[in-house]
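Reviewing the structure listed below.
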Amino acid sequence: FLADRTEAGIADIGYSLALSRATWDQRVAVTAATREELLDGLKAIADGGRSDRVHEGGAAFLFSGQGAQRLGMGRELCEAFPVFAEAFDAAVVELDRYLERPLREVVWGEDAGLLERTVFTQAALFAFESALFRLWESWGVTPDVLVGHSIGELTAAYVAGVWSLEDAARLVAARGRLMDALPEGGAMVAVEAGEDEVAPYLDERVSLAAVNAPGSVVLSGEEKAVLAVAERFADRRTRRLRVSHAFHSALMEPMLADFETVARELTYTAPRLPILSTVGPDVDLTDPAYWVGQVRATVRFADAVVELG
């Protein structure tokens, strides 16, 4: 079909396949930026060969954490897709109950520094990511498993049915507000090193905030101590993260009691979609204590990726 119709654009083909063709349990996907790349992928399928453009198997959705936010996110999606707009609007309405200013004004405003404030960042990512999930869901794309990085794990739990929108928004807003109210002065640094390499330097001042890959970790804690440890790896790639607070470190502990109070007032339901925890195996996502501990725990994203494989 594609070879005989040079006028057919791949964006139009993708749109039609998603919205106007039957879907089946057995599927294969081809990723391509040009007609030639698409044809190469299709030929590989037809010939029974392998190609980096051809993807088979289940689908996993990842909900990212702080750092993924940007001004204007969701605006064009709201204009183009009513399903996205409805879900985004519903989340914003619930979140605005707990925020000091309207979330939409922050996300679609011009002050990037304001959006980077934790209280708005986490709320904005929750609204955007949950609406994006509803959009994919409306197209018949249902993931086999969900994964979330830090605040993204709360979004994953919400779309999986652990909380109602009202309860999820309350928990997300409390998390961001309580973190934002903590004293500033901490630091987070991404380091090109393995967990075993940084382990000897971890203490009450320096925590392992995340293990994102076998050779990629994030340190978090008191600024001077974190920077001193990062300096030990000066021959590697290091990058200080643009964050207001030292997340997933001991500096988060002063907000945990108040956060637990909110978490225990919510209603929890078993998730209807599988979720791979980045805290550890065999966890109970319907236990408020899990979400309190998740604030402080290391984000073991690398383990979740391995499990997906």
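A short reminder: the numbers here are calculations on the coordinates, not readings from a lab. Predicted model only: the values in this text are computed from it and were never measured. Neighbour counts run over all protein chains shown; Cβ positions are idealised from the backbone, glycine included.
From the residues Leu276, Val299, Asn212, which one has its Cα farthest along the dipole of region 196-309 in the positive direction, the dipole being from +1 and -1 charges on Cβ of Lys/Arg and Asp/Glu about the Cα centre?
So the residue furthest toward the plus end is Asn212.
Based solely on its DSSP helices, what 222 nm [θ] is calculated for the chain when runs of n ≥ 4 H residues each add -39,500 (n - 2.57) and the sum is averaged over all residues, nearest 500 deg cm²/dmol? Each step should come with its number before you reach the end.
Details: 14 runs with 137 residues, N = 309.
Mean residue ellipticity, 222 nm, calculated: -13000 deg cm²/dmol.
For the chain, set up a GNM with springs between Cα atoms under 10 Å and report which of Leu227, Leu208, Leu38 has the largest fluctuation.
In this elastic network of the chain, the residue with the biggest mean-square fluctuation among Leu227, Leu208, Leu38 is Leu38.
Could you tell me which GluC sites (Glu not before Pro) in region 230-277 are loop residues by DSSP with no more than 12 other beta carbons within 10 angstrom of their beta carbon?
Here the GluC sites (Glu not before Pro) that fit, given the DSSP loop and packing criteria, are Glu265.
What is the percent of Cα-Cα separations in region 50-159 that go past 16 Å?
Of all Cα-Cα pairs in region 50-159, 60 percent lie more than 16 Å apart.
Give me the distance in nm between label points sitting 7 Å out from Cα along the Cα-to-Cβ direction at Ala270 and Glu105, one decimal.
It works out to 4.5 nm between the two label points.
Could you point to the label whose value was computed as Cα extents along the principal axes in Å for the structure here, given [x] 74, 47, 42; [y] 62, 53, 32; [z] 65, 47, 41?
Calculated Cα extents along the principal axes in Å: the matching label is [z].
What do you get for trypsin sites (Lys or Arg not before Pro) in region 8-44 restricted to DSSP loop and a cutoff of at most 13 other Cβ within 10 Å of the site's Cβ? Could you put the intermediate results ahead of the total?
Values: sites: Arg21, Arg27, Arg35, Lys43; in loops: Arg21, Arg27.
Sparse-neighbourhood loop trypsin sites (Lys or Arg not before Pro): Arg21, Arg27.
Sort 117-130, 135-148, 169-182 by the packing proxy (mean of other Cβ within 10 Å over each peptide's residues), most packed first.
Those peptides, ordered most packed to least, come out 117-130, 169-182, 135-148.
Order these peptides, 220-226, 244-250, 232-238, by their mean beta-carbon neighbour count within 10 angstrom, highest first.
Packing proxy ranking, top to bottom: 244-250, 220-226, 232-238.
Restricting to Cα atoms and excluding each atom paired with itself, what does the Kirkwood estimate give for region 186-240 in Å?
Result for region 186-240 stands at 10.6 Å.
Where in the chain are the DSSP H helices whose alpha-carbon span along the long axis reaches 24 Å or more and whose Kyte-Doolittle mean is at least -1.0? Let's see the in-between values first.
Working: long enough: 118-138 (30 Å, 0.72).
Long hydrophobic helices here: 118-138.
Hey, in the GNM for the chain with a 10 angstrom Cα cutoff, which one of Ile275, Ile151, Ile45 fluctuates hardest?
Ile45
For region 224-268 and region 18-80, what is the separation of their Cα centres, given in Å?
Each part reduced to its Cα centre gives a spacing of 34 Å.
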